[in-house]
Amino acid sequence: MRGRGLAAATVLVVLCGGSAAVADTTTARSARNIIYIQGDGLGLGQRDLLRLALKGKNGRLAMDGLAVTGLVRTSSADPEDIVTDSAAAATAFATGHKTRNGAVGVDSSGRPLETILERAKRAGKSTGLVTTAQVTGASPAAFAAHVPSRDSQSDIAKQYIENSRPDVLLGGGEDWWYPKGNPGLWPDKPGEESRSPYGNLVERAQRTGYTYVRDGDELRTTRANRILGLFANEDMVDYGPDGVGKYAPRVPLQQMARKALDTLSKNPRGFFLFLEEEGTDGMSHENNAHGVIDAGRALDDTVAEVMRFARAHPDTLVIIGGDHETGGLAIENYDASDTDPDQDGPFDVPGSKLRFTVDWTTHDHTGSDTPVTAEGPGSTRLGGTIENTDVHWVMRAASGL
């Protein structure tokens, strides 16, 4: 992939899980900013569910307004499993190399792989990780840490503040930053407890220059250039089946994204930003279609926010990726006589009298390709069927990193 000679891009928007047609739209030689947005677990079925439920049969999500369409193969280099997990998938995007499941920012032998975020930092750019999952979770971690197991989240937090030092860190996962016996701000639920073996990593982060914010108000008012915000003990979404799970992050993804953009764009050299909606994956694991819709609505609002920024800053490369599909989600016609317990619904289609149901085939990940949509110079390279590692090399070529 290094030798492809991909053309540099000014604005490139990649949506893994998307739609659309063609086009290089600007003439600048390279992308100054890179924004990678991930809808975790977002496959074709999830995209269709969001479009039908939120916009109607002929409607269009913000995610749909892009130019190039392709499919991304999602398999990892795991010797035992053909279906990827989030750690291996994110490592492919972040480093351009496939690895075994569970590995974060390392190859199958455990050797560290340089990430696109680390390259951006080395080039003098600002960097950020923003997610509704734990900020030390597998997907964001693959861009800024190197551990053999995704479970080593306190090690990941320690590497953030000591090594990769993203300028903006926003998400959940407070328990990995505080030592046992120190509950932090958010009350522990059954099965949760603080567990950092390295003492109080929040205080350590503050000593090294991070401003710690604890809620949406503090995030909104801070003017700091280096921000750590932890808004839940673990993920920011309460997962569960329909009627139990609830998508209600204390700080919306769109607000976190807006603050990250405002903060990182101060750097005249540009920035790399990872944004993730985790609820699309977690609710799919629970086979909770209502929860997927709620999380997808938040993701699409965030995409709209990012695209407003990108269109005002045409030297921005935006990448929105689905790492894998979750749940084997399928859209079916509503049949009142069908009592299949694996179905969710019925759901109304706005602007029509139509109704549909959602059928699930598993509570786990599937090996399906994920759709990718893209826009901007160089984006045509993402058309057709590509490997997940190809997205990394397109980013590199577009930005010169």
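The values are calculated or read from the model by the stated rules, or taken from the named source; none is laboratory data. Note that this is a predicted model, so its numbers are computed, not measured. In this analysis, Cβ positions are derived from the backbone assuming ideal geometry, glycine residues included, and neighbour counts consider all displayed protein chains. SASA here: full protein model, heavy atoms, side chains in, ligands and nucleic acids out. Shrake-Rupley method; radii C 1.70, N 1.55, O 1.52, S 1.80 Å.
Annotations for the structure displayed:
- Residue that is at pLDDT 95 or above and of a type outside the set (Val, Ile, Thr), where the choices are 96, 70, 65: 96
- Residues satisfying the stated conditions in the range 352-401, i.e. open to solvent by less than 30 Å² (accessible area, probe 1.4 Å), part of a strand (DSSP E or B) and of a type in the set (Val, Ile, Thr): 357, 358, 366, 370, 372, 373, 386
- Pair list, Cβ under 9 Å, 6 or more apart: the range 99-126 residue within 17 Å of residue 152 (Cα to Cα), other residue aromatic (Phe, Trp, Tyr) and buried (at least 22 other Cβ atoms within 10 Å of the Cβ): 105/143
- The residue list 224, 248 contains one member that is among the small types (Gly, Ala, Ser), within 19 Å of residue 276 (Cβ to Cβ) and surrounded by fewer than 20 Cβ atoms within 10 Å (Cβ to Cβ), which is 248.
- Test: residue in the range 343-364 that is touching a Leu at 6+ places or on another chain (Cβ under 6 Å), of a type in the set (Lys, Arg) and in contact (Cβ under 8 Å) with a residue 12 or more places away in the chain: no
- Scanning the range 337-350 for residues that are surrounded by fewer than 16 Cβ atoms within 10 Å (Cβ to Cβ) and either among the aliphatic types (A, V, I, L, M) or within 23 Å of residue 70 (Cβ to Cβ) (or both) returns no hits.
- Cβ separations smaller than 6 Å between residues 6+ apart or across chains give the following pairs from the range 232-256 residues that are aromatic (Phe, Trp, Tyr) to residues that are not in a helix (DSSP H, G or I): 239/245; 239/286; 247/237.
- Residues being within 30 Å of residue 76 (Cβ to Cβ) and more than 24 Å from the chain's Cα centre (by Cα) - total across the range 334-374: 3
- Search result, residues across the range 176-203 that are farther than 14 Å from residue 136 by Cβ, among the charged types (D, E, K, R) and open to solvent by 40 Å² or more (accessible area, probe 1.4 Å): 180, 188, 189, 193, 203
- Residues of the range 52-83 satisfying the condition of being in a loop (DSSP other than H, G, I, E, B), hydrophobic (A, V, I, L, M, F, W, C) and open to solvent by 30 Å² or more (accessible area, probe 1.4 Å): 77, 82, 83
- Among all residues of the range 118-126, there is at least one that is surrounded by fewer than 20 Cβ atoms within 10 Å (Cβ to Cβ) and either closer than 22 Å to residue 77 by Cα or hydrophobic (A, V, I, L, M, F, W, C) (or both).
- Strands (runs of 3 or more DSSP E) lying entirely in the range 266-336 (those with 2 or more residues that are open to solvent by less than 10 Å² (accessible area, probe 1.4 Å) and in contact with a helix residue (DSSP H, G or I) (Cβ under 6 Å, 6 or more places away or on another chain)): 271-277, 316-321
- Of all the numbered requirements in (1) out of contact with any strand residue (DSSP E or B) (no Cβ under 7 Å at 6 or more places or on another chain); (2) modelled with pLDDT of 95 or more; (3) among the acidic types (Asp, Glu), residue 192 misses one, and that requirement is (2).
- Residue 188 meets the conditions (1) within 15 Å of residue 236 (Cα to Cα); (2) under 24 Å from the mean Cα position of the chain (by Cα) in every case but one. The failed one is (2).
- For the range 105-117, a residue qualifies if it is touching a Phe, Trp or Tyr at 6+ places or on another chain (Cβ under 6 Å) and either polar (S, T, N, Q) or open to solvent by 40 Å² or more (accessible area, probe 1.4 Å) (or both), and exactly one does: 115.
- Test: residue 154 is open to solvent by 10 Å² or more (accessible area, probe 1.4 Å), within 30 Å of residue 207 (Cα to Cα) and either touching a helix residue (DSSP H, G or I) at 6+ places or on another chain (Cβ under 9 Å) or not small (Gly, Ala, Ser) (or both): no
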